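Contents: one structure, followed by commentary.
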Amino acid sequence: MSSNFLVIDPEKDLAAIKGVSSLPRIKLLKELSKRPGINVNELAQVSGLPQSSVSAHLQVLEKAGLVRTETQKARKGNQKICFAVYDELVVTFHAAAPALSSDTIEVSMPLGLYTNNSVTGPCGICSTEGIIGLLDVPETFMDPERMKTSLLWFTSGFVEYQFPNNAKLRGDSIESIEIAMEVSSEVPGTLANWPSDIVLSINGKEIGEWTSPGDYGDHRGTYTPGWWKLKGSQYGMLKTWSVGPGGTFVDGIRISDIKAQDLDLDHHRSVRLRIEVKAEGRHPGGINIFGRGFGNYAQDIILRLKTNK
């Protein structure tokens, strides 16, 4: 697989489908993959297309996120330099997600909807369109634009989310709880061997610690947008924390003795989830949390409640 590729969902990524639905545009993409950084005049020459047609096709490809352009000074005025954002495009037909059983309740929490935070820099938040606020300024985490967050990172501290306890609304008791999210460590740049101890708490009770192996940037994340620098964190690991009658597990590996009954879930109208990196931990290696639009998985933070029906 190419080191820089885009996975296209034909039912959702209509702009990308339109971008490659024209033989001239496909020809331009092929030329740009061979000759990145050429100007529009050169692109017209090597493709054999009129400059006016090249400009029109480039507008479609830019809108689809398949091409990016930069304006640079030339001997006379400015020139537009063109680059292909991706080396490879993959069209995939995902099977429909299996329906949840009647005893399972699922809630997806957008990354920017945290209700509390206290973080230290280096830190930051960004949407799929760009950086939100100021980098390495913890106060930025309270910027109203945080609602659009698709990636957040910090060195130590926490973010906290408040999920609705829909089981209580239905009058059901909770047997187990799961949290699934894509995470990695955080280091300036990236480093695969950079452990970080990530601690989760539910309703104020720590359920256990999982050590992230590193911060990954060997290739662009499947959904990471093209504008995000390649030397930045690209993707994480999709991890599932589960707390049930037998204790707490991460991907089936037991990490603590905390049981679902210890969280007093049935008596709370909400489920408070805290995601934390402690400055005094053995491996205070920071954290990246990837939401929808970044990383390798098209999801935000998922909470599942399994009830006793």
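Odds and ends about this structure:
- Reachable lysines from Lys205, criterion Cα separation under 23 angstrom, eight or more residues apart if same chain: Lys168, Lys239, Lys259, Lys278, Lys306
- Computed from the C-beta positions of Ser55 and Glu88, the FRET efficiency with R₀ = 30 Å rounds to 0.75.
- Taking a sphere under 15 Å around the Cβ of Ile38 and counting the other residues whose Cβ falls inside, with K and R at +1 and D and E at -1, yields a net charge of +3.
- Gln72-Leu23 FRET efficiency (beta carbon distance; Förster radius 41 Å; 0.05 resolution): 0.90
- Accessible surface computed residue by residue for the chain, with neighbouring protein chains in place and a 1.4 Å probe, gives 50 Å² per residue.
- Percent carbon-and-sulfur accessible area, the chain, ignoring ligands, DNA and RNA, probe 1.4 Å: 51 percent
- For the chain, the membrane-span-like helix rule (DSSP H, alpha carbon extent of at least 15 Å along the helix axis, mean Kyte-Doolittle at least -1.0) picks out 23-34, 51-63; this says nothing about an actual membrane.
- Of the beta bridges in the stretch 5-91, as assigned by DSSP with both residues counted there, near 70 percent are antiparallel.
- Theoretical gain in end-to-end length, Leu169 to Lys205 [0.36 nm per residue, Cα-Cα removed]: 10.7 nm
- Within the chain, antiparallel bridges make up roughly 95 percent of the DSSP beta bridges whose residues both belong there.
- In this Cβ point-charge picture (+1 for Lys and Arg, -1 for Asp and Glu), the stretch 104-308 has a dipole of about 280 debye about its Cα centre.
- Take the Cβ atoms of Lys231 and Arg254, set R0 to 41 Å, and the FRET efficiency comes out at 0.65.
- Residue ranking by accessible heavy-atom surface, 1.4 Å probe, largest first, among Lys34, Lys27, Lys73 comes out as Lys73, Lys34, Lys27.
- Extension gain (nm, one decimal) between Gln261 and Ser101, 0.36 nm per residue minus Cα-Cα: 55.4 nm
- Taking each DSSP H run with n ≥ 4 as -39500 (n - 2.57) and averaging over every residue of the chain yields -4000 deg cm²/dmol at 222 nm.
- The number of Lys pairs in the stretch 5-91 with C-alpha atoms less than 24 Å apart, excluding pairs fewer than 8 positions apart on the same chain, is 17.
The values are calculated or read from the model by the stated rules, or taken from the named source; none is laboratory data. This one's a predicted model, so the numbers in the text were calculated from it and none came from an experiment. Every residue, glycine as well, gets a Cβ built from its backbone with ideal geometry; the counts of neighbours run over all protein chains shown. In case anyone asks, the SASA skips ligands and DNA or RNA and just uses the protein heavy atoms, side chains included. Shrake-Rupley method; radii C 1.70, N 1.55, O 1.52, S 1.80 Å.
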